[in-house]
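S.K.: To start, I am sharing the structure in question, which I have written as structure tokens.
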Amino acid sequence: MTDIDPDSGKLLDAELFYRRLLDALRARLESAPDFQQEVAMVGIHSGGAWIARRLHADLKLQQPLGSLDSALYRDDLSERGFRADVQAAQISFEVAGRHIILVDDVLYTGRTVRGALNELFDYGRPARVELAVLVDRGGRELPVAAQYTGETLALWPSQNLVLTQNEDNTFILALETA
């Protein structure tokens, strides 16, 4: 775990974190060749969908890539409010009985993942769901853990990580202080 100082605007090495996440998933796929043919990947809008798109291509997964936006499924929707940019889910494969790798950019409280699982189950009951995240920043409010992580950081509650994507699909991760 890396401690982060409170300097706002600091850029972190998102590409390094991505390579670590890719390596962890590649090791999993290489350990079970049949797994690569059966596994489906779903990215959580927006940062998780960007990461999933790159992972899906880099890992040469055979199943279609899916995406969803858990905003309407969060248990704190009344506190956070309705977002105008909510995206429709794009899941073009059978979820029931399938092994799913759910991808997000930053794991914090666990509420986004919980909402994503609720939405995913609207499409069917997966055999298994594993979580892959670019960064685990701690601060969990729900019992959610990632099986694959690019980096684990210790952040203050007032700090946020903001992921952006360049036109060449590379990532920039900035630390912001609220």
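S.K.: Which whole-number percent is the relative contact order of the chain (Cα, under 8 Å, 6+ apart)?
M.R.: Over the chain, the number comes to 29 percent.
S.K.: Only bridges with both residues in the chain count here: give the DSSP antiparallel percent, nearest 5.
M.R.: 35
S.K.: Would you pull out the residues with amide H under 5 Å of T152's amide H, same chain only if 5 or more places away, H placed 1.01 Å from N?
M.R.: For T152, the qualifying residues are T2, D136.
S.K.: Turning to a different aspect of this structure: Counting trypsin sites (Lys or Arg not before Pro) as exposed when in a DSSP loop with at most 15 other beta carbons within 10 Å, what is the longest stretch of the chain free of them?
M.R.: The answer is 1-59.
S.K.: Could you work out the helix-only [θ] at 222 nm for the chain, with each DSSP H run of four or more residues adding -39,500 (n - 2.57) and the total divided by the number of residues, to the nearest 500 deg cm²/dmol?
M.R.: It lands at -8500 deg cm²/dmol.
S.K.: Ordered by packing density, taken as the mean number of other Cβ atoms within 10 Å over each peptide's residues, highest first, how do 146-154, 63-71 rank?
M.R.: 63-71, 146-154
S.K.: If you don't mind, there's one more thing I want to ask. Can you list the residues, at least 5 places off or on another chain, whose amide H is less than 5 Å from the amide H of V129, using H built in the peptide plane?
M.R.: Close amide H contacts, sequence-distant or interchain: I100.
No lab work stands behind these numbers, since they all come straight from the coordinates. Since this is a predicted model, take the numbers as computed values, not measurements. Note: ideal-geometry Cβ built from the backbone for every residue, glycine included; neighbour counts use all protein chains shown.
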